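The structure appears right after this line, and notes come after that.
The values are calculated or read from the model by the stated rules, or taken from the named source; none is laboratory data. Quick caveat: nothing in here was measured; it's all calculated off a predicted structure. Here the Cβ positions follow ideal geometry from the backbone for every residue, glycine too, while neighbour counts run over all protein chains shown.
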Amino acid sequence: MEITDQNLEALSTYLRKTLSANTNERLEAEKTLKQIERNENYTSLLLTLCERSTTPDELRRASVITFKNFIKRNWPSLDESNSISIRDRNHIKEHIIDLMTRSPEYIQEQLSDAITVIGRSDFPNRWGTLLDTMIKQFQQQSSNSFQSINGVLKTAHSLFERYRYEQKSDELWLEIKLVLEKFAPAFTELFKSLMAYFPQKESDPIEMKNIFNSLCVIIKIFYDLNAQELPEHFEDNIDIYMTHFLTLLSYDYPKLHSNNNDPGILDQVKTEICRAAALYADNYSDEFKPYTQQFALVIWSLLTRLDLSSSYDELIGTAMKFLSTLAARSHHCSMFAGGDTLKIVCEQVILPNLFLRTSDVEEFEDNPEEYIRKDIEKSDSATRRRAACDFLQALCIFFESQVVSICSQHIDSMQKEYLQNPKQNWLKKDTCIFLVLALASKGETQKFGITKTSSFINIQAFYSSSILPELQNKDIDSLPLIKADCLKFLIDVRNQIGRDALLISIPECVRFLSSNNMVLQTYAAHAIERLLLVRSSADQKFTSITKDDLIPYAQAMYDNFFRILTSDKSYENEYVMRAVMRVSSSLSDRVLLYLNQLMEKLVMILRRSCKNPNKPNFNHYLFETITVLIRTSLSKNVGVLDQFEQILFPVFTQIFTDDIAEFVPYVLQIIGFLLESHSSGSTSIPIAYQALFQSILTPSFWDRSGNIPALSRLLEAYIEKAGETIVLEKLTTVLGIFQRLVSQSKIHDHEGFAILNSLIIHLPLGCLNNYLKDIFIVIFTRLTKAKTQKLIRCIIVFFSYFTIKNGAQELIIQVDSIQANMFQMVVERLIIPELSKVDDNGKKICAVAVTHLLCDPEQMTKGIYLNNLWLALLQALLRLFESSNILQTMSTADRKKQAEAEAEEELLVGLDDTPDYTPVFSRLAFAKKPRADLLGSSIPDARCHLAKCLQTLTSSHPNQFLNIMAHGLSREDLLEIQKYCALANVTLT
């Protein structure tokens, strides 16, 4: 495509149609653009439209957005044949910076995003001129071109920002060194010139705003370039930067303040300076020491002048973080020790910022979901209240007794004022509760709440005197925010107040479930769920609250839970659904009393959620709850299996039919769990499973990555339960799935091996004979093309299953059929160095298989591999025994209990929320398969098995192998073998 007026006009026509309100016209234009975008000069045409001032604004905007999106999709794929041509890449890199600086802001922003994508892929190795071009733009800009300067600065920040968090490496530091050598001197000169220039422009508010926009980005870049370690350039110029930073912190210009709730540009500049100062105080304290006192005084003064407007929240939070950094460091904390300093800090800086503001109360009332997210999920890290709490806790590191003493006076005072007039002074009660938690907590986790408390705060006494009476108040809807605070306090201190207090609290939490306030409902449900996880102090294996403790309240809990979950405003409340799951699990077999009503409600909720599955955590706990009920019921009566299938399969079928991608992996896991619960043999597998089998073999099912783990597990269940019938009929297709997963996916190759291992275990000998050579070729081809540690471990485990089922000699024959003497290479390069790295689930099977490799095949005992491999393989097996205790065979009941215990542990902490949910795989903990032991009771201890096999080998080859071991093994290895022989009650002769 040449850059001609005709082509530009045609491209303009397509872009204009992409803005059409007519869906068909818009889609057709987008399809056409997709078809022509691979043509050379496509990007040049787009940029030409962006550049021409005669192009209408809507088309300039459409062209630059199309350009940016095209770059995002295609630039990083440098080696792909359908990527952007080298000629177009070079043309873009030669002109895009200059074009950006000459463009209106709406185009500049899009081009800056595109430059960032290009830079992350090509800078510095394939875009060596980028820094020079940026520096040139700094030097060429006249004083009235701050929009252009800002465009370059923002692009630089977007490129350098990763230095803040990327792991240190030689490659990274070489890049930073290049940036510092080329960019830093010009960058510092620009900063100095702006600092000299802005006082001259105080009469021009627009120019001042442009200058401070540039200064704000400059300070962000300063942080970027200093984040890894202190560069020599900035150490040499530290006085310039710190002096100017102090000037800006003290500077005021009312017209640069915010006109609404968003921070003004001057406040943003001060926020970035506080952030940079905290970095220096924390990481480069020696170099920063001469400036510490000045910064502390200026920032302290700043904090005392700012009001409660939310526009100052980030500035106040960052400023207090700087002071927290000083307070927590032994070489800086002394500045808080003199005179009344601590008292002034607590009373003038910390306490005022602990009080809720009107906007916080409004959020509690009008936006309860956001309030809950900030409070329960600790996403309030950027709030001034959280910053004040962190500052308070930092002061307690070195001044705990003094700080507690100061704050206790205020706690007592606020308590009295609240009791005198609760309706008027309830905000003081809220602050009091928050302050006690801040002072008491010396360690906290999401899993256990507060784990360590201050010796100066009596948590149990405060709970009994100030929290429990509020929870026992008959009017559950009075002062709802205080009630929520008290429930939150209970949640946080649950591991500190003892079983008796927990038991008293349970019925109070149940009462609050009936509140009409969404926050109270949620906190009550969350409290119940968290209390049920508290471990008994006598035996950490058991929870403090037992199923017998729950029975009196179970019906009321369920009634209220489902009242909430069927209401209009809280029907997808993840905390309530998680509480349903936890109560159902904690009730154990007693949950069967409520089984019918629970399944009816859960299926109804599942059908409703199918219409709009937009709450991933809620959905997960919904399926976990269903799985808990299935698992508990089947543990008591396998006969109810068909009832669950009758209830669930209709809605599961609808999920498949409607292709609800978020739910399909869950459904597949539950179906797999149900199928595993059937006895083996095709006659016992219902027709519904036989019909589904054909569907799960279709390639489209396996195209979604999120489906694969569940599909693999379900396919393994089919192989186990109907391997000789319906699976055998489709064996070629099943092996095709194995080949696809192993050959094409580093992420899911282990799922392919799991399917293959299941075929080896459950199909009769001989069923796979015609496919074995192809199977081994697939494995070794993948190993040659893309070897990974995970792949090697999977291969070793597969070899082990194959050996146990088909014999060690057959394994050697199959491997050597690929290439003469290949087995020696496999043992030397894979098995010997990697055997001890196999995970615990595979160690026993591998140990037994290697034992048979040592003792069974003639190739090893008297053939070509005896001298080269036998001793080294035995040493590798001994290392495997040392790396982990190979446990004796667990009973089926024990394995089941272990799986249930592991499920509980996995669910102690909730799933992470994802703002953009995609249907990736989330494993259902309660549907987890118990660890299988193929060897069962036939080989209870792999070490004893080795001893017995060695006895057989040495007796049939007198002296030969005893001599090999005596001369080749270390004294420690020989003693280990003797120990195994003693365990097995055998003697080597």
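If we scan the stretch 176-193, do we find a residue that is in a helix (DSSP H, G or I), touching a Lys or Arg at 6+ places or on another chain (Cβ under 8 Å) and not aromatic (Phe, Trp, Tyr)? Steps first, please.
Of the residues in the stretch 176-193, the ones in a helix (DSSP H, G or I) are 176-193.
From what is left, the residues that are touching a Lys or Arg at 6+ places or on another chain (Cβ under 8 Å) are none.
Looking for residues that are in a helix (DSSP H, G or I), touching a Lys or Arg at 6+ places or on another chain (Cβ under 8 Å) and not aromatic (Phe, Trp, Tyr), one finds none in the stretch 176-193, hence no.
Where residues in the stretch 520-530 are under 25 Å from the mean Cα position of the chain (by Cα) and not charged (D, E, K, R), which of them is surrounded by the most Cβ atoms within 10 Å (Cβ to Cβ)? Give the derivation first.
First pass over the stretch 520-530, keeping only residues under 25 Å from the mean Cα position of the chain (by Cα): 522-523, 525-527, 529-530.
Next, from what is left, pick out any that are not charged (D, E, K, R): 522-523, 525-527.
Numbers: Thr522: 28, Tyr523: 28, Ala525: 31, His526: 24, Ala527: 27.
In this case the residue turns out to be Ala525.
Rundown of residues vs (1) part of a helix (DSSP H, G or I); (2) farther than 26 Å from Pro686 by Cα; (3) of a type outside the set (Asp, Glu), yes/no style:
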{"position": "Ser609", "(1), (2), (3)": "yes, yes, yes"}
{"position": "Asn614", "(1), (2), (3)": "no, yes, yes"}
{"position": "Asn617", "(1), (2), (3)": "yes, yes, yes"}
{"position": "Leu629", "(1), (2), (3)": "yes, no, yes"}
{"position": "Phe652", "(1), (2), (3)": "yes, no, yes"}
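What residue, of Ser169, Ser193, Ser158, is among the polar types (S, T, N, Q), more than 26 Å from Ser285 (Cβ to Cβ), under 37 Å from the mean Cα position of the chain (by Cα) and modelled with pLDDT under 95? Full working, then the answer.
Details: Ser169 fails: more than 26 Å from Ser285 (Cβ to Cβ); Ser193 fails: under 37 Å from the mean Cα position of the chain (by Cα).
Being among the polar types (S, T, N, Q), more than 26 Å from Ser285 (Cβ to Cβ), under 37 Å from the mean Cα position of the chain (by Cα) and modelled with pLDDT under 95 holds for just one of Ser169, Ser193, Ser158, which is Ser158.
In the set Lys787, Lys721, which member is surrounded by 21 or more Cβ atoms within 10 Å (Cβ to Cβ) and at pLDDT below 95? If you could, list the steps in order and put the result at the bottom.
Working: Lys787 fails: surrounded by 21 or more Cβ atoms within 10 Å (Cβ to Cβ).
Result of the check over Lys787, Lys721: Lys721.
Regarding Ala484, is this residue over 19 Å from Ser537 (Cβ atoms), under 35 Å from the mean Cα position of the chain (by Cα) and either aromatic (Phe, Trp, Tyr) or part of a helix (DSSP H, G or I) (or both)? So that I can check it myself, show each step before the final result.
Values: over 19 Å from Ser537 (Cβ atoms): yes; under 35 Å from the mean Cα position of the chain (by Cα): yes; either aromatic (Phe, Trp, Tyr) or part of a helix (DSSP H, G or I) (or both): yes.
Considered against the rule, which asks whether it is over 19 Å from Ser537 (Cβ atoms), under 35 Å from the mean Cα position of the chain (by Cα) and either aromatic (Phe, Trp, Tyr) or part of a helix (DSSP H, G or I) (or both), Ala484 comes out as yes.
Within the stretch 265-291, can you find the residues that are over 22 Å from Leu215 (Cα atoms) and in a helix (DSSP H, G or I)?
Initial filter on the stretch 265-291 (over 22 Å from Leu215 (Cα atoms)): 282-287, 289-290.
The answer is Asp282, Asn283, Ser285, Asp286, Glu287, Lys289, Pro290.
So Ile3 ticks every box in (1) buried (at least 17 other Cβ atoms within 10 Å of the Cβ); (2) over 36 Å from the mean Cα position of the chain (by Cα); (3) aliphatic (A, V, I, L, M); (4) modelled with pLDDT under 90 but one. Which box is left unticked?
Ile3 satisfies all of (1) buried (at least 17 other Cβ atoms within 10 Å of the Cβ); (2) over 36 Å from the mean Cα position of the chain (by Cα); (3) aliphatic (A, V, I, L, M); (4) modelled with pLDDT under 90 except (1).
Just checking, how many residues over the stretch 691-704 are among the polar types (S, T, N, Q), modelled with pLDDT of 90 or more and in a helix (DSSP H, G or I)? If you could, list the steps in order and put the result at the bottom.
Restricting attention to the stretch 691-704, the residues satisfying the condition of being among the polar types (S, T, N, Q) are 694-695, 698, 700.
Next cut, modelled with pLDDT of 90 or more only: 694-695, 698.
Still in the running and in a helix (DSSP H, G or I): 694-695.
Of the residues in the stretch 691-704, 2 are among the polar types (S, T, N, Q), modelled with pLDDT of 90 or more and in a helix (DSSP H, G or I).
Tell me whether the stretch 58-68 contains one or more residues that are modelled with pLDDT of 90 or more and exposed (fewer than 15 other Cβ atoms within 10 Å of the Cβ).
Step one: of the stretch 58-68, the residues modelled with pLDDT of 90 or more are 58-68.
Okay, now just the ones that are also exposed (fewer than 15 other Cβ atoms within 10 Å of the Cβ), so 58.
Yes, because at least one residue in the stretch 58-68 is modelled with pLDDT of 90 or more and exposed (fewer than 15 other Cβ atoms within 10 Å of the Cβ).
Could you identify the single residue in Asp412, Asp475, Asp485 that is crowded, with 20+ Cβ neighbours inside 10 Å and either among the acidic types (Asp, Glu) or over 18 Å from Asp375 (Cα atoms) (or both)?
Values: Asp412 fails: crowded, with 20+ Cβ neighbours inside 10 Å; Asp475 fails: crowded, with 20+ Cβ neighbours inside 10 Å.
One residue alone meets the criteria, Asp485.
Hey, among the residues in the stretch 792-826 that are of a type in the set (S, T, N, Q) and part of a helix (DSSP H, G or I), which one's nearest to Asn841 (Cα to Cα)? Walk me through how you get there before you give the answer.
So in the stretch 792-826, the residues of a type in the set (S, T, N, Q) come out as 800, 803, 806, 809, 814, 817, 819, 821, 824.
Keeping just the survivors that are part of a helix (DSSP H, G or I) gives 800, 803, 806, 809, 814, 817, 824.
Working: Ser800: 12, Thr803: 17, Asn806: 21, Gln809: 24, Gln814: 25, Ser817: 30, Gln824: 26 Å.
Looking at the filtered set, the residue picked out is Ser800.
Just to be sure before I move on: is Ser544 at pLDDT below 95, surrounded by fewer than 20 Cβ atoms within 10 Å (Cβ to Cβ), on the phi < 0 side of the Ramachandran plot and of a type in the set (Ser, Thr, Tyr) in the structure I sent? If you could, list the steps in order and put the result at the bottom.
Numbers: at pLDDT below 95: yes; surrounded by fewer than 20 Cβ atoms within 10 Å (Cβ to Cβ): no; on the phi < 0 side of the Ramachandran plot: yes; of a type in the set (Ser, Thr, Tyr): yes.
The answer is no for Ser544.
Kindly indicate which of Phe364, Phe399, Phe322, Phe391 is surrounded by 17 or more Cβ atoms within 10 Å (Cβ to Cβ) and either assigned by TED's automatic domain parsing to the domain that holds Leu297 or among the charged types (D, E, K, R) (or both).
On the way: Phe364 fails: either assigned by TED's automatic domain parsing to the domain that holds Leu297 or among the charged types (D, E, K, R) (or both); Phe399 fails: either assigned by TED's automatic domain parsing to the domain that holds Leu297 or among the charged types (D, E, K, R) (or both); Phe391 fails: either assigned by TED's automatic domain parsing to the domain that holds Leu297 or among the charged types (D, E, K, R) (or both).
From the options Phe364, Phe399, Phe322, Phe391, the qualifying one is Phe322.
For the stretch 8-18, state whether one or more residues are loosely packed, with under 14 Cβ neighbours inside 10 Å and at negative phi. Give the steps one after another, and end with the answer.
Start the filter on the stretch 8-18 by keeping residues that are loosely packed, with under 14 Cβ neighbours inside 10 Å, which leaves 9, 13.
Applying the additional criterion that residues be at negative phi yields 9, 13.
Checked the stretch 8-18: at least one residue is loosely packed, with under 14 Cβ neighbours inside 10 Å and at negative phi.
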